[in-house]
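Just below is one structure, and these are the notes that go with it.
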Amino acid sequence: MAKPFRHASKQSLRLLDPFNGVVTSPPPIWLMRQAGRYLPEYREVRTKAGGFLDLCYNPALAAEVTLQPIRRYGFDAAILFADILLVPDALGQGVRFAEGEGPLLDPITSAADLSRLQPSATRSKYALVAETVARLRQDLPKETALIGFCGAPWTVATYMVEGRGSKDQAAARLWAYRDRDGFQSLIDILVETSIDYLGQQVKAGADVLQIFDTWAGALPDDELDRWVVEPTKRIVEGVKSAHPDIPIIGFPRGAGGAALWYVSETGVDGIGCDTAMPPYMMGEAFEDEPTVVQGNLDPLLLVVGGEPLEERTREILDLMEGKRFIFNLGHGIVPQTPPENVARLVEIVRGG
Ligand code: CP3
């Protein structure tokens, strides 16, 4: 049987070079939260869509906002427009995004509450996300890779248990200490559904996957092993058993030194580094592993622009020269970022 077209065209995707052991100068670049409120054209579509979740579940509009930063900046990768909280929403938890308040969920606080989650109910919502992916695979320039993603079970669980964003993720940490088996059951549900969700994204045309573990840094080492490393390893194994060639990037934000052990244990192909990782360490720490390093400019430098942005960008590029590297931020673009600073960053990275 003939291979589908997208496989035939994968050679033209610069984002895949470092995963294939090919070092390029300049390195490929994309930015976390490259679609979003800092772009006037995003705000326009967002208003038209109604709520944030309506936008995520509307394949035509979600594909459109995914493409917006590609048109402006020509990044080497587009990231599917969706959210890590679509998973609890699809499971039936009930997720709302209140203006100015961030996400609100009906909290799940005990093993008894887990019966509210219906893994089989995810089908129709995951299908809408897969449709967005399929549209994007058609509409993206042939040299632009498409990144699919999910939140890691630990990070998604922190929102499910707290019922909202929190500064210390205390509700989930307390549950995990008090009732290890109950919390493990929640993590297990998330591992299984994430394998399914990511698999659907790959089948629909995603070229690379990223697993966002924004709150990994809230856990001490033994807890990090149990709730971050082990579940991520199971997801990587589960996705790769069906799709052995799909590169997976892990982003265990705040994990510090444990990022090394995360890389060797989970089997991820790439490691997203947060802003706290010194660039000389990004260059050296992962050399014994065949791991692609991604990061790690401070997103606030994109707010400031000018000399501070240039200086730090060049420093990161110098230290990562000759390595298997993807230029990115250490966390997502913030809404007050002037779009022209993003254009300048791309120009600097590409040798301007
Ligand atoms: O361009 C992209 O990066 C693709 C889409 C994307 C979004 N969220 C869109 C979004 C991705 C990959 C995410 C990941 C995500 N979502 C994470 C992990 C990465 C990180 O930033 O740490 C987390 C923790 C979430 C959960 C989430 N989504 C919160 C806490 C919030 C509210 C705070 C905020 O930034 O607004 C969101 C909303 C959200 N997700 C927006 C966007 C563009 C803003 C919604 C709006 O338009 O009002």
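The values are calculated or read from the model by the stated rules, or taken from the named source; none is laboratory data. Quantities reported herein were computed from a predicted structural model and do not represent experimental measurements. Positions of Cβ are generated from backbone atoms using ideal geometry, with glycine treated the same way; all protein chains shown enter the neighbour counts. Side chains included, ligands, DNA and RNA excluded: accessible areas come from the protein's heavy atoms. Shrake-Rupley method; radii C 1.70, N 1.55, O 1.52, S 1.80 Å.
Name the residues in region 209-237 that are open to solvent by less than 10 Å² (accessible area, probe 1.4 Å) and touching a residue at least 60 places away in the same chain (Cβ under 8 Å), would you?
Residues satisfying the conditions are Leu209, Gln210, Ile211, Asp213, Ala216, Trp227, Val228, Pro231, Thr232, Ile235.
Is it the case that region 31-44 has a residue that's open to solvent by 50 Å² or more (accessible area, probe 1.4 Å), on the phi > 0 side of the Ramachandran plot and touching a residue at least 40 places away in the same chain (Cβ under 8 Å)?
yes
Can you tell me which of Arg137, Arg164, Arg123 is within 15 Å of the ligand (Cβ to nearest atom) and either crowded, with 22+ Cβ neighbours inside 10 Å or modelled with pLDDT of 95 or more (or both)?
Testing whether each residue is within 15 Å of the ligand (Cβ to nearest atom) and either crowded, with 22+ Cβ neighbours inside 10 Å or modelled with pLDDT of 95 or more (or both) leaves just Arg164.
Being open to solvent by 10 Å² or more (accessible area, probe 1.4 Å), without any contact (Cβ under 8 Å) to a residue 60 or more places away in the chain and not basic (Lys, Arg) is the filter here; which residues of region 300-336 pass it?
Result: Leu300, Leu301, Val303, Val304, Gly306, Glu307, Pro308, Glu310, Glu311, Glu315, Asp318, Leu319.
Could you run through region 266-280 and say how many residues are surrounded by 17 or more Cβ atoms within 10 Å (Cβ to Cβ) and over 17 Å from Leu329 (Cβ atoms)?
Adding up the residues that qualify gives 3.
Yes or no: Leu53 of a type in the set (A, V, I, L, M), open to solvent by 20 Å² or more (accessible area, probe 1.4 Å) and within 14 Å of the ligand (Cβ to nearest atom)?
For Leu53, the condition - of a type in the set (A, V, I, L, M), open to solvent by 20 Å² or more (accessible area, probe 1.4 Å) and within 14 Å of the ligand (Cβ to nearest atom) - is met.
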